[in-house]
Amino acid sequence: AQSVTQLDSQVPVFEEAPVELRCNYSSSVSVYLFWYVQYPNQGLQLLLKYLSGSTLVKGINGFEAEFNKSQTSFHLRKPSVHISDTAEYFCGLIKAAGNKLTFGGGTRVLVKP
Amino acid sequence: DVKVTQSSRYLVKRTGEKVFLECVQDMDHENMFWYRQDPGLGLRLIYFSYDVKMKEKGDIPEGYSVSREKKERFSLILESASTNQTSMYLCASSLSRDGYYEQYFGPGTRLTVT
């Protein structure tokens, strides 16, 4: 069975500072990897996804993530955060031949002025 | 824009009541999903459906059932609500069975069972 671990449950960060959210996964087969964001009182929306090809994936709102197969990681980064990036972020995976999305426990990002 | 709507944002029910959560999507998506979201546990899949009248169990189906009579509508049913089903419930849809398609989420229903 596959699993996703988000290593930090909360990340406080000052405005305009960089942020990295860590995600490690476990799977015996090839996977697709996703990052979703949930703003307060809203559903989730897709930030970016890795299907194949270049290991550096760029998403919306200035976020990017790097797929590292040897480390089984898919960490999310943003070089300079804004107050509006305050949200909960979820890493997820789907087996390449499947359609069930497995999520990590989430990381709450609080951007301070 | 894809829109996924859920019938209620907040719901309070008593133990033992039958509860219906409704979800509607307007983009002719084949797949629909029901998740529950609990702090520290992320989202866990309850059931999903890849076609009308078709359903598959997710990771935590116990205590729940689903119904998909029309392509755009997917209902989650709690036959006899219990306090441990107090949670946020999120519905999602995606274009097809292929896993690489984005899932679009509704705003969620916060259910409290007293």
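The values are calculated or read from the model by the stated rules, or taken from the named source; none is laboratory data. Predicted, not measured: the structure shown is a model, and the values here were computed from it. Note: ideal-geometry Cβ built from the backbone for every residue, glycine included; neighbour counts use all protein chains shown. When the accessible area is computed, the model is the full protein with side chains, heavy atoms only, and any ligands, DNA or RNA have been set aside. Shrake-Rupley method; radii C 1.70, N 1.55, O 1.52, S 1.80 Å.
For residues that are of a type outside the set (Gly, Ala, Ser) and within 30 Å of residue A:52 (Cα to Cα), tally how many sit in the range B:62-106. Residues meeting the conditions: 11.
Scoring residue A:52 on the criteria (1) farther than 30 Å from residue B:6 by Cα; (2) touching a strand residue (DSSP E or B) at 6+ places or on another chain (Cβ under 7 Å) leaves a single failure, condition (2). Looking only at residues that are farther than 24 Å from residue B:26 by Cα and within 14 Å of chain A (Cβ to nearest Cβ) in the range B:45-86, which one is modelled with the lowest pLDDT? Ranking the candidates gives B:59 first. Looking only at residues in the range A:89-110 that are part of a strand (DSSP E or B) and surrounded by fewer than 20 Cβ atoms within 10 Å (Cβ to Cβ), the one that is farthest from the other protein chains (Cβ to nearest Cβ) is A:110. Of all residues in the range B:89-114, how many are more than 8 Å from every other protein chain (Cβ to nearest Cβ) and either surrounded by fewer than 17 Cβ atoms within 10 Å (Cβ to Cβ) or not in a strand (DSSP E or B) (or both)? So the count comes out to 6.
In the set (1) over 21 Å from residue A:16 (Cα atoms); (2) open to solvent by 60 Å² or more (accessible area, probe 1.4 Å), residue A:84 fails one condition alone, (1). Of all the residues in the range A:51-88, those that are modelled with pLDDT of 95 or more and within 10 Å of another protein chain (Cβ to nearest Cβ) number 1.
Taking the range B:27-82, which residues are within 30 Å of residue A:8 (Cα to Cα), in a strand (DSSP E or B) and either out of contact with any Phe, Trp or Tyr (no Cβ under 8 Å at 6 or more places or on another chain) or open to solvent by 10 Å² or more (accessible area, probe 1.4 Å) (or both)?
Filtering the range B:27-82 down to residues within 30 Å of residue A:8 (Cα to Cα) leaves B:32-48, B:57-62.
Narrowing the set further to residues that are in a strand (DSSP E or B) leaves B:32-38, B:42-48, B:57.
Those that are within 30 Å of residue A:8 (Cα to Cα), in a strand (DSSP E or B) and either out of contact with any Phe, Trp or Tyr (no Cβ under 8 Å at 6 or more places or on another chain) or open to solvent by 10 Å² or more (accessible area, probe 1.4 Å) (or both): B:36, B:37, B:38, B:44, B:47, B:57.
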